[in-house]
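The values are calculated or read from the model by the stated rules, or taken from the named source; none is laboratory data. Please read all numbers here as calculations on a predicted model, not as lab measurements. Note that we place each Cβ from the backbone using ideal geometry, even for glycine, and neighbour counts take in every protein chain shown.
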Amino acid sequence: MTDNIKLGLKENWKQFTLLVIVNAFVGGMIGMERTIFPQFAELEFGVASKTAILSFITAFGITKAIANYYTGKLANKFGRKNLLLFGWLIAIPIPFMLIYAPNWSWVIFANVLLGISQGLTWSSTVVMKIDLVGEKNRGLAMGLNEFAGYFAVGIVAFLTGYIANKYGVTPYPFYSGIFISIVGFILTALWIKDTSVFVHKESATDNTAPLDNVFLETTFKNKTLSSVTQAGLVNNLNDGMIWGLLPIVLFSLNFNNENIGIITAIYPTVWGVGQLFTGKMSDHYSKKAMLFWGMLLQGLAILFIPFSSNFYVLAFISAILGLGTALVYPTFLSTIAQATSPRQRAESIGTFRLWRDLGYAFGAVILGITADLFGIEYAIFLIGGLTIMSSLIIKFRMPAQIKIVKECIEVNEVKQALQANKKIQIIDVRSKEEYEQGHIPSAINISLQDLKGKLVQLDKDFYFITACGKGGGRSADGARLLKEFGLNAIWLCGGTDKWLNINT
């Protein structure tokens, strides 16, 4: 079934391009709220408390985080496309609810639905692109994905600010959401294909060490994954601040809606466009360094906000924030994809996105209370400090070597793969005499000294498993030789003795 499936960006460019377009529509749904919501809350519903205003981000963050987690778990069960479609179905009523909301509770509920929708749609497009491209261009794939989403956030944020300045904060700015949700649903239903089969293809040749407990490893135990997870949480904590408090700061400085729209749009636009470059960079440069400098840049930029009142200075700060976020956002996802096995990847990404988007909720609560008690400036200083602390955790906790590769493959894994009719060939690299004394039933015999001369006879479409007596000696040398000549190979843990239960 997977024989005709090929991994790669070039090989799957049509489906990949469609997913990029779909994710742009996903991002547009967030952009609809990005500029105008604090004013919408105060003018339409009389909500002035910073804690109350930021309650819509809390509702959004919690529900999106939970949806992210379950998207990871459910993607393997129900299919990526089905979850993407369901996410769009939930999105369709949201702009209507905002237009006709009789009270603030309706607005909160609309953002609960928006959180669920964003979790299902954005997580699905992320996982589907990772499925398609394989390991080589994963950073570029994530850069293109996040570019499309956040560039759309910036464009729609600017448009809603412009429309609000000309026609008022409701209903016209929300008409964009009606168009985006309906077109996104139609695109997905008619042209997007499920990508689960690509996971099976990659799993046949991947030898990344599996995680014992995906949730615990991604959250706490694995130094690479947990470092990325805490940075993701802090990144969205400060993003929530920019979303909820920056428009209030700008409004207090007497900027009009159009100028507020420009400043707030620069951040996600630079973030989005920057990922066209930073995504590809993460395929070639140190992911750890990119994460450290990205978080540090964000933290320093945030600390300068309370000292600034000039339009151009604030626009520059917004651009630096966007650049810092562009450095980390695709790198988060490509790092997790590299550090996990294909079958656990969706769940690990779901766990990361759970904590990352809980940053919105934590940030909204912390910022709202701090701003109400001490003032907005102190809330901004707090977030800037936390972001710099996060960069230091990356610096001192995250290892430079990301991928933990299994040195060998277990007997039960090989047996399961053979039962599933995977294209696997076991090569017994011992002498003919040793082979005849006892061997794995499906193994062919090519002694280690003859292996190099027989390479041209081996089918490159197969995944080769080398075996000797106890494993790790000649079999390890054989697997290494096969890899040097471009073949997918690994040696058998415990060797022939373990397979035949000899002295084990």
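Worth a mention:
- Pairs meeting the criteria (first residue in region 97-108 and closer than 14 Å to Ala59 by Cβ, second residue among the acidic types (Asp, Glu) and surrounded by 11 or more Cβ atoms within 10 Å (Cβ to Cβ), beta carbons under 9 Å, at least 6 apart or on different chains) are Leu98/Glu33; Ala101/Glu44; Trp104/Glu44; Val107/Glu44.
- Tally, over region 265-294, of residues that are surrounded by 22 or more Cβ atoms within 10 Å (Cβ to Cβ) and either outside any helix (DSSP H, G or I) or charged (D, E, K, R) (or both): 1
- Any hit, region 370-385, residues being surrounded by fewer than 18 Cβ atoms within 10 Å (Cβ to Cβ), of a type outside the set (D, E, K, R) and in contact with a Leu (Cβ under 7 Å, 6 or more places away or on another chain): yes
- Sub-9 Å Cβ pairs linking a first residue in region 69-83 that is free of Cβ contacts under 8 Å to residues at least 40 places away in the same chain to a second residue that is aromatic (Phe, Trp, Tyr) and in a helix (DSSP H, G or I), at least 6 apart or interchain, are Phe78/Phe86, ordered by first then second residue.
- Selection status of Phe251, among the aromatic types (Phe, Trp, Tyr), under 23 Å from Gly384 (Cβ atoms) and surrounded by fewer than 18 Cβ atoms within 10 Å (Cβ to Cβ): yes
- Screening Leu43 on (1) modelled with pLDDT under 85; (2) crowded, with 17+ Cβ neighbours inside 10 Å; (3) closer than 16 Å to Gly244 by Cα shows it passes everything except condition (2).
- Looking across Leu297, Leu321, one residue alone is surrounded by 24 or more Cβ atoms within 10 Å (Cβ to Cβ), assigned to a helix (DSSP H, G or I) and out of contact with any Pro (no Cβ under 8 Å at 6 or more places or on another chain). It is Leu321.
- Picking from residues in region 46-84 that are at pLDDT 85 or above and among the polar types (S, T, N, Q), the one that is surrounded by the fewest Cβ atoms within 10 Å (Cβ to Cβ) is Asn82.
- Meets criteria (part of a helix (DSSP H, G or I) and either without any contact (Cβ under 8 Å) to a residue 24 or more places away in the chain or within 11 Å of the chain's Cα centre (by Cα) (or both)) for Leu373: yes
- Boolean, Gln401 is of a type outside the set (Asp, Glu) and under 30 Å from Thr335 (Cβ atoms): yes
- In region 308-365, the residues that are among the polar types (S, T, N, Q), more than 18 Å from Ala231 (Cα to Cα) and modelled with pLDDT of 90 or more: Asn310, Ser318
- Residues (more than 19 Å from Pro268 (Cβ to Cβ), assigned to a helix (DSSP H, G or I) and hydroxyl-bearing (Ser, Thr, Tyr)) located in region 122-172: Ser124, Tyr167, Tyr172
- In region 472-504, the residues that are under 16 Å from Leu418 (Cβ atoms) and of a type in the set (Ser, Thr, Tyr): Thr496
- Residues satisfying the stated conditions in region 12-40, i.e. assigned to a loop (DSSP other than H, G, I, E, B) and at pLDDT 85 or above: Asn12
Per-residue answers, yes or no, for (1) modelled with pLDDT under 85; (2) more than 30 Å from His200 (Cβ to Cβ):
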| residue | (1), (2) |
| --- | --- |
| Glu135 | yes, no |
| Leu140 | no, no |
| Leu144 | no, no |
| Gly149 | no, no |
| Leu159 | no, yes |
| Tyr167 | no, yes |
| Thr170 | no, yes |
| Phe174 | no, yes |
| Ile178 | no, yes |
